[in-house]
Structures are given as C-alpha cells and as structure tokens.
Amino acid sequence: MTVYSARLVVLLTAAFLFVSPSGFGADVTVGCPGGDGGMFSSINAALNSLDMSGPHQITVTGVCAETVQMAARPLLTIQAPTGKTAEIIGQQAGDAIVINGTHVILRRLVLTARLSIGLASVVRARDVQIERSPNQGLTVTDNSVVGLDRTTISGSAAAGIRADRNSTVLLAGPSPESFVRIQNNSGPGINSDGSAVSIFGGVTIENNGGAGIVMTGGRLVIDGTRFENVIQNNGGSGLGVSGARANLSGQNAIRNNRGTGIAIGGGVVSLSAAADGRVTTIEGHVLGVNVAAAGSFSSAGPNRIRNNGSTTETGRFVGGIRVGTVSRIQFDNGTEVTNNSGFGIFAELNAAMALHGTVISNNRGHGVSVLRNSTMLLTAGTITGNTGASISCDTTGLVTGDVSGISGIQCMRIERENGPPRPGAVVDRQH
C-alpha cells in the first residue's frame, strides 16, 4: 500500500467513526460542582463504572476540576447537554483530557488546559473551547486522527495545536456551523512535524505569538473552494514549510503577519484557483514569499502576491517574492505580483523561474531581478509600470522566452528565437 493510499484509508476510517451511533451501551450523567445533580460527581468516576466494550455516553454539567483519563475504549461520547457547556479544569501536567487508544466524540465542552491525544486514537471535537493551556492547547501524536469543527483554541502558552508522529488533524467542515478559530496562543497557531493537516474552509488562525502554521515534513491541505480560510496578524510567518508539501486551493487570505507571508525551506507549496475564480491572496508582509533551500513554489490561476514590502527597508528580503539557493517557481494563468513596495521577484543563487502569463506590475523596485546564475523563462506575460527596470540581470543571469513588447530590460544574456538582437550576448540555439 502506498503512503497516499494508507492516508486515504485513515481519513475514511475517521470519517466513518465520526458519525454518531444510533444507540449506546450505557448513558450516565455527571454533576460536577455548580452543575445539575448527576449519577457521578466526576467524569473519571463515571468512566470507571463503565465496561470497556461500549459504546457509552457521558453527559456532564458544571465545572469539573480533574484530568480525565481514557484508554483502550472503542467508542465513547463526552458531552454537555444541548444548549449548555461543561468545563474541565486540568489538574495533572496541564492536561484537561488525556486520550490513548480510544475513539471518542467531545461535544460542548470548555477545556481549561490541554487536550492530549495519542496512541492511535480517533477523536471528533465539536462545540469545544480549549483555553489557557500551560503548553499546547491540543497535542496529537502517535498515529492519531482528530477532527475539529465549531471549535476554538485560544490562550495556550505554546502552540494552539501540536501534531507529530504521523498523526492527522482535520479542521472545519462543509458549512459555516463548522468554522474553527485558533487564536491568541503564545506559540504558532499550528505546529506540525511529520503529520498531515487538512483545512476544509472557514478556519481562522490569527493573533498567535508565533507563525500561523509551521509544517516540518508531512502534508498540508488548505481548501478554500467553498469558504475562505484566513491566516492573519500572527507574530511569525503566515505559513512556514520545511521539507513538507502544501497545497492551497480556492480563497485563502494570508495577510499582515509579522514575518514572511509564506516561507519555504526545502518544501513544495502550490496555489490553485477555484473553478469560480476565487484565489489565494498574500499581502501586507515585508516579504510576500521566500523560497529557499531547493524549495518549490507554484501558482495556477490569478492568485495574488500584492502590497508587500516596506517604505523604510530595502534589500532582497523586501518585496513580493524572493527565490534563492537552487529553488524554483512556476506561475501559470494570470498570477499577479503587483503593488509591492520593493521588487516584484528577486531571483539569486541558481534559482529558476518559469513565468507563463504572469502579471508583474506597479512594484516600487525592479519588476524581476535575475542574479547569481539564475534563469527566467518568460511566455505571454505582462511586466509594466514598475519603478525600476522591467527585467534586470547581472552578468550571470539568463533570460529566455518571449520578451517582445516588454521595455526597460537591463540584461546582457537574452536567449530568444525571434526579434531583433539586443545589446549583449544573444544565444543561437542552432550552434
């Protein structure tokens, strides 16, 4: 079985298990301090009364000061009554709930401390708030699968969500009622290492102290084909990708993050427009996109990298897109690099660019700079209205393709088949 097939099986299994069962082995109630009277005074006491086969349902009211421990249970639901919430204040190691080897549904809960999930667990959380954790708000590890909808994670001392060891996190769902917020955490909104994160629309990641999302290895899918996803006002980059693969489709806004909009180090990031024309927009950063360490960045459709840069800073890390260290970009079908305060695209250190139908305009610097053994293939593009040259090169940069109709070119090495010769070396492909 391929890695992709194995992941698909996991996701389908998770989707099946997230459906509420039609009946339960036992229904019990818990009345913590301040709540309604219940059969038990704590959730752990209720769990200890139930057999391990299940499925079981525990309905909770009040404020429960305990760390709820569950392991090796086939299917369990812990919930507050409809229209109410119940609070769990963690007591051990900053954990409100610790889940191992268990399939559980959590509904209408407020967790003051961490939700910790490990050892091949499958969890669905709905109408859950995770607040004021002394470390990660939600920790997912050891081949676990977690689905969150109508969930808020805020105020954690580290990341909002931490996923590692081949785990899977699924965020939001098919309707506005499933939207998710990850906000005001001291670390990144999401920090994933060797795991898969899928965002299905209506997810907002904002005002976190670190990056919006950090992906180290693994796979990220951000799907905005039905509802917009927003990554904004975070203390680090909007999205950081290192050795991982990330695909963003449809309408996504990455804006006003303190670091780079998208920072790629040895990873692969692709943007694709929705069929109805909705696109990803990257704006409001000192640098819109940085591609380094043999990374790759591609855009299909009129995605926008705009309004990045600085009125006070200059250099190769100020503007729209920087491509360096044996990295590459490929743009197709009207990708826009516009109105950046600095360069449009800056390529150096053996970078490669293939720009097809790209619009590079009104940047307050050179439109495209091709430097230090870098190359650019240009077809059917528009480069106009930039403060500096449309295309500038040093003596090692090479431009090829269709440069007809583009004025303001400052390059010595232009390889092309048609048009009058330009100053400098024109390479003849016949010899």
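A short reminder: the numbers here are calculations on the coordinates, not readings from a lab. Remember, it's a predicted structure, so these values are computed and weren't measured experimentally. So basically every Cβ, Gly included, is an ideal-geometry build from the backbone, and we count neighbours across all protein chains shown.
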Values of log10 I(q)/I(0), in the order q = 0.21, 0.23, 0.27 Å⁻¹, for region 341-406 under a Debye, Cα-only, solvent-free model
-0.78, -0.93, -1.22
Whole-angstrom gap from region 300-375 to region 394-413, using each part's C-alpha centre
15
So how compact is region 1-191: Cα radius of gyration and Dmax in angstrom?
15.6, 52
Under Stokes-Einstein, region 178-284 at 20 °C and 1.002 mPa s, with its Kirkwood radius over C-alpha pairs, diffuses with a coefficient in µm²/s of 163
Whole-percent tail of the Cα-Cα distance distribution for region 87-238, cut at 22 Å, equals 29
Amide H to amide H, which residues 5 or more places from GLY224 or on other chains are under 5 Å from it, using H placed in the peptide plane?
SER249, GLY250, GLN251
Degrees separating the helix 3-17 axis from the principal Cα axis of the chain, which is the longest one:
40
For region 322-374, Rg(Cα) over 2.2 N^0.38 Å is 1.07
Between the alpha-carbon centers of region 184-215 and region 138-182, tell me the distance in whole angstrom.
9
Who wins for biggest fluctuation among GLY160, GLY38, GLY94 in a Gaussian network model of the chain, springs between alpha carbons below 10 Å?
GLY38
Dipole axis of the chain (+1 Lys, Arg; -1 Asp, Glu on Cβ), positive-most option in GLY160, ALA275, ASN363:
ASN363
Looking at the chain, what % of its DSSP beta bridges pair antiparallel, to the nearest 5?
0
Bins of 5 Å from zero: percent of alpha-carbon pairs in region 160-200
6, 22, 26, 22, 18, 6, 0
Among VAL60, VAL403, VAL122, the residue with the largest mean-square fluctuation in a Gaussian network model of the chain built from Cα contacts under 10 Å is VAL403
How large is the helix-only mean residue ellipticity at 222 nm for the chain, computed as the sum of -39500 (n - 2.57) over DSSP H runs with n ≥ 4, divided by its residue count, in deg cm²/dmol to the nearest 500?
-1500 deg cm²/dmol
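List the equivalent ellipsoid semi-axes of region 56-126 in whole Å, largest first, each obtained as the square root of 5λ for an eigenvalue λ of the Cα gyration tensor. All intermediate terms of the calculation are to be shown ahead of the outcome.
Details: eigenvalues 64, 47, 16 Å².
Those come to 18, 15, 9 Å.
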Derived scalar couplings ³J(HN,Hα) [region 221-232; Karplus, 6.51 cos²θ - 1.76 cosθ + 1.60; whole Hz; x for Gly, Pro]
10, 10, 9, x, 6, 10, 9, 5, 9, 10, 10, 8
If you plug each phi of region 124-137 into the Karplus form 6.51 cos²θ - 1.76 cosθ + 1.60 with θ = phi - 60°, what whole-Hz ³J(HN,Hα) values come out, in order, with x for Gly and Pro?
10, 10, 9, 6, 10, 10, 10, 10, 6, 6, x, 8, 4, x
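How large is the Kirkwood hydrodynamic radius of the chain, in angstrom, based on all distinct alpha carbon pairs?
Evaluated on the chain, it is 23.1 Å.
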Can you give the convex hull volume of the alpha carbon atoms of region 221-363 per residue, in Å³?
84
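Counting other Cβ atoms within 10 Å, keep those with at most 12, restrict to DSSP loop, and tell me which trypsin sites (Lys or Arg not before Pro) in region 99-197 are left.
Working: sites: ARG107, ARG108, ARG114, ARG124, ARG126, ARG132, ARG150, ARG162, ARG165, ARG181; in loops: ARG132, ARG165.
Here no loop site has a sparse enough neighbourhood.
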With both partners inside region 237-431, how many of the DSSP beta bridges are antiparallel, as a percent to the nearest 5?
0
